[in-house]
Every structure is written in structure tokens, then in C-alpha cells.
1. Which one of Thr345, Thr359 is assigned to a strand (DSSP E or B), open to solvent by less than 20 Å² (accessible area, probe 1.4 Å) and over 30 Å from Val437 (Cα atoms)?
2. Quick check: is even one residue across segment 248-259 part of a loop (DSSP other than H, G, I, E, B) and either open to solvent by 50 Å² or more (accessible area, probe 1.4 Å) or under 30 Å from Leu300 (Cβ atoms) (or both)?
3. For residues in segment 44-68 being in contact with a strand residue (DSSP E or B) (Cβ under 8 Å, 6 or more places away or on another chain) and part of a loop (DSSP other than H, G, I, E, B), which is farthest from Asn287 (Cα to Cα)?
4. Can you tell me which condition Thr441 does not meet? The list is (1) open to solvent by less than 30 Å² (accessible area, probe 1.4 Å); (2) hydroxyl-bearing (Ser, Thr, Tyr); (3) not in a strand (DSSP E or B), and all the others hold.
5. On the given criteria, is Leu30 touching a residue at least 40 places away in the same chain (Cβ under 8 Å) and open to solvent by 10 Å² or more (accessible area, probe 1.4 Å)?
6. Search segment 137-159 for residues that are under 20 Å from Ala412 (Cα atoms) and pair each with any residue that is open to solvent by 50 Å² or more (accessible area, probe 1.4 Å) and assigned to a helix (DSSP H, G or I) when their beta-carbon atoms are under 7 Å apart and the residues are at least 6 apart or on different chains.
7. Please verify whether Glu388 is surrounded by fewer than 12 Cβ atoms within 10 Å (Cβ to Cβ) and either assigned to a strand (DSSP E or B) or hydroxyl-bearing (Ser, Thr, Tyr) (or both), treating the condition exactly as stated.
Amino acid sequence: MRIAYLECFSGISGDMFLGALLDAGVPPELLTRTVKALGVDARLEISRVDRSGISATKLDVIAAGEKELPREEFWEKESKAAAHSHEHEHHGHAHSHPHDPGHSHDHSHGADHSHNHGDSHAHGHQHGHSHRGLKEIRQIISQADISQSAKDRAIKIFETLGAAEAKVHNSDIEKIHFHEVGAIDAIVDIVCASVGAEALGVDEWICSPLNVGGGTVVCAHGTFPIPAPATLELLKKAPVYSGEIQKELVTPTGAAIVSVLVSRFAQFPAMKAEKIAYGAGTRNFKNNPNVVRLTVGETLAKHESPFPVEEITVLEASIDDMSPQVFGYVMEQALSSGALDAFGTSVQMKKSRPGMLLTVLCRMEDSQRLTRLILAETTTLGVRIRQETRAALARRHMSVNTKWGEVRIKLANLNGSISNYAPEYEDCSRIAKEQKVPLKTVMQEAIKVYLEATNG
């Protein structure tokens, strides 16, 4: 199986990820065409740079004629501009600028308002004050001349960002106005990341633990500890740590790309490396290469198999003295906490007592957390733990538009071909309840629309 492994020892941002894709062989012309297809005022600058002795590819988005700035530099520039304008106003010479009192600029609608993708990798332009809703961003992406799967992935990244912002600010996702992530450079970063990742042609993306940096960062609403609230929300299921560098290393855009693209977090996997690439951030830290490393290659399977093979952990507990209602609750909690699957099997226990066998499948790195959950939430006195190998088809989602609304279709790939497809139950169930339509009718319609789209 062809895999890509991201090493985020110096964090990750949108431009670092794009630099790594280019360094790995994604054609620059592809990203240039993608920017043109978006119809926004932006262009790309690609260069070769040195980061603490590591040669890496640097990509800059020039949006509205300006190159991105580190977050704190951007806010320093904004503060000086605001002070200068206010001074002129007091002398009877008011000028329009992003904070001009005559210009409506309400910060109360909920987004993190970082203006950029963060830290040392940084994106911040004065055009960042352009507020864009998710509906507008979806429209820009949907109209671009790129593959449907790349559109779906890019939109999902923005929706993931919006969900994190909405959670942090206790707001509805559709009411979130993207100050940072809705800026032109963020749209370019995310869409190019989706197109470039697809062009790399890998079956699975894996990521290392992420170095989030440390210290504090200045945002529109004040000073926050690193990682910033939205970034931490995006990474809540990922392994993170803070190293020596006291700067913001993982940006909201970088975190969103990882959360959507990456299927699991692990140490360096067993693989035969074919390409080793480096994407550079803006800053050049002393003795700490400000790069993300991308390694692409084939996995080393323990035995030859026509299917993708992976190692998983199996947790089991036999239970005969617990309410069935609690059993269902525990399974729901396990799935929401990162379990790959959870199910119950009826068993006959000692002294002929009927019982249930709880089985949870998970990644090795999630096994301790899920074991604690089982011990805390059930009446069992012990959990059996073992490692197993499973064959698993590569999976992805695409969205189809039915006459009642959007439904995600889960697609399974075998040797590059679609072997299975099924509409997501949650989407169909929601539509069935909202539209008062039988669930089976919604599912049939979703499959029909998918087949019509794929078969022309």
C-alpha cells in the first residue's frame, strides 16, 4: 500500500504542507492552475530555502498584492495602522482603514479572527478583514474547475474549521464568519492542499505527534496561550506536545488539513521510502529546522496480501451484571472516543449465567484511553488486550446532492477501483426526519444520484 507520512516536529501550516507536496513531486503548474480556477486575486511564489541546514521548498501566497506575515507581526501592523488613523481623525483627517469607525467591523460573530494561519509559518494580510461565510466559501470552491473529490475534501476542511470555531464561540457553524480562514490565502492554501494531496496518489495519510509550540499568541480578541483555542479543538484527538520553541507552530489551517486528511497518528511506519520531501515555514529558527517532512513510499507488510493490512488493538471484557442501557451507552462512548468499532456478543458465562462480551477495536495509541473507559463505565474487573492484523479497504467520502439535501457517500477502494459504496446513515436519518420521508427512500435516492454522477 502506498502511504504518506507527515512528521510535524516543527508543527504544520497550510503553506508548509504545500511546500512539502511540491518537494515530493506535485507539479507547480497544477497548483498554479488551481489558483486560477478559483478566480481570486492571488498568485503563488515558489522558492528554495535553507532552514537550519535543511534545503526545503517554500511556497508563498501573494493575495491582493501582499505576502503573508507572521500573526504577531500582522497584528502589530494593524495596531499601528489603527493608531495612525485615529490620530488623523482627531485632527479632522479621517481615513478609511480596516478599523475605521465608519466601517462596520463587528467582531462578535464568533470566529477566532486570527487573520492568518498562525505562527512562524504565518499568513496575515490586511485583506484579512474580509469576512466570508461558509456559504460563500462553498460557492467559490464549488465553481472551481477541479475534481469533485478535491472540492469535497476542501469544503470538508473548511467545515471542520467552522465547526471548531463554532464550538469555541458557542455559535452555529452557518453563522460563523471566517476572518482568518476565509481570507484569500486560506482558500488558496486549503484548495491547493486538497488538489495536491489527491495528485500525490497515496492510499493513506499518517501523521506523527505534533509539536504545537508554546508561549502565547496575539489574536483579534486578545492574547491566548498556544495552541490557540480553535487549533486545540481541531487537534483534540491527535497526540500533541510542546517543545523548546515558544512560538505558534501548528496553525488552524494546518490542524484542519491534518484532521481531515490523516487517518491515524503513529510513529514512523514500516515502509520503503520512495520520496522524502521538506516544506518550509516562514521563520528560520536557530538549530531547529522550521520544516515539515513528508515521506512517501510502500508499506512493508508482514506477508504478501492483495489488501491493505494494518495492526490494530482488540479490547474485550465479559460482563454479566450490568444494565443493557449502560452497555449501549459504553459502546457509544467508545466510538466517540476514537474506537474503530465496538460491538456486543451474547455469551454463556460460568454458572450458566447469560452475559455479554464487549469488544472494542482501536488503534494502538488509543488503547489505554479506551481501556480506562471500559474499566470506569462498566462493571467488569478486567480487560483483555491483544494485537491483531486486519485487512481494511481504503475509505473516503464524497457528497451528493439529493432533492432533499446533501448526503455523504462512503466509498471503499480495492486496487484503485470502487468496491463498495453506501450512503451515510446519519445524513439519511436526519433528512428523513426533517422531510418526513421514509429512510429507505432517502438512501435509495442518494445511491441513485451517486450512480448517475459516477456513470455520467
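1. Going through Thr345, Thr359 in turn, the sole match is Thr359.
2. No - not one qualifying residue is present in segment 248-259.
3. Ala64
4. Going through (1) open to solvent by less than 30 Å² (accessible area, probe 1.4 Å); (2) hydroxyl-bearing (Ser, Thr, Tyr); (3) not in a strand (DSSP E or B) one by one, Thr441 breaks only (1).
5. Considered against the rule, which asks whether it is touching a residue at least 40 places away in the same chain (Cβ under 8 Å) and open to solvent by 10 Å² or more (accessible area, probe 1.4 Å), Leu30 comes out as yes.
6. Between residues of segment 137-159 that are under 20 Å from Ala412 (Cα atoms) and residues that are open to solvent by 50 Å² or more (accessible area, probe 1.4 Å) and assigned to a helix (DSSP H, G or I), the close pairs are Ser147/Glu198; Ser149/Glu198; Ala150/Glu198; Lys151/Ser142.
7. When the stated conditions are applied, Glu388 passes them.
So that you can scan it fast, the table gives a plain yes or no per residue for (1) of a type in the set (D, E, K, R); (2) under 25 Å from Leu210 (Cβ atoms); (3) out of contact with any strand residue (DSSP E or B) (no Cβ under 6 Å at 6 or more places or on another chain):
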{"position": "Phe285", "(1), (2), (3)": "no, yes, yes"}
{"position": "Pro289", "(1), (2), (3)": "no, yes, no"}
{"position": "Gln325", "(1), (2), (3)": "no, no, yes"}
{"position": "Tyr329", "(1), (2), (3)": "no, no, yes"}
{"position": "Glu332", "(1), (2), (3)": "yes, no, yes"}
{"position": "Val347", "(1), (2), (3)": "no, no, no"}
{"position": "Thr378", "(1), (2), (3)": "no, no, no"}
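The values are calculated or read from the model by the stated rules, or taken from the named source; none is laboratory data. Bear in mind that the values here come from a model prediction, so they are computed numbers and not experimental data. We place every Cβ from the backbone using ideal geometry, glycine too, and count neighbours over all the protein chains shown. Quick note on the areas: whole protein, heavy atoms, side chains included, nothing else; ligands and nucleic acids left out. Shrake-Rupley method; radii C 1.70, N 1.55, O 1.52, S 1.80 Å.
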